[in-house]
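Data block below; observations after.
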Amino acid sequence: MSEIETDSKYIWFDVDESYTGKTKLVKVISKRLNIVLGEIRWYGPWRQYAFHPLDKTVWNNGCLEDVKAVIKWLMDERRGIKPRTIVYSPCPGCEDRRYIWDHEGQGTLACPDCS
């Protein structure tokens, strides 16, 4: 597995290299317990990546934003936009902790609410 680098506080993301499908399968793993909490995988009917949490897992807003950022990263990669990294910092527009994308040659972008 290869880790997708984020600065998420509670979870980390591993690309399952043994998955043989055309798209990527990303395991969402608890940093504290080191257990799989769910997967991000391609959902054909919607033609996009989607998060599939395991039963009886509980998610807060911050962790869901982390998952959302990785889904965006995967979709951008699929569309041919090559993000170098996922950067978390206060958005210049709202000062809330949001992800800011650093796309190669495109600079940084504000959070979706402010852009």
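Worth a mention:
- Approximate shape of the stretch 2-82 as ellipsoid semi-axes (Cα gyration tensor, √5λ), whole Å, largest first: 20, 14, 13
- Ratio of Rg to Rh over the stretch 5-44 (Cα coordinates, Kirkwood Rh, two decimals): 1.00
Any read-out appearing in this document is the output of simple, stated calculations on the displayed coordinates, not a laboratory observation. Predicted, not measured: the structure shown is a model, and the values here were computed from it.
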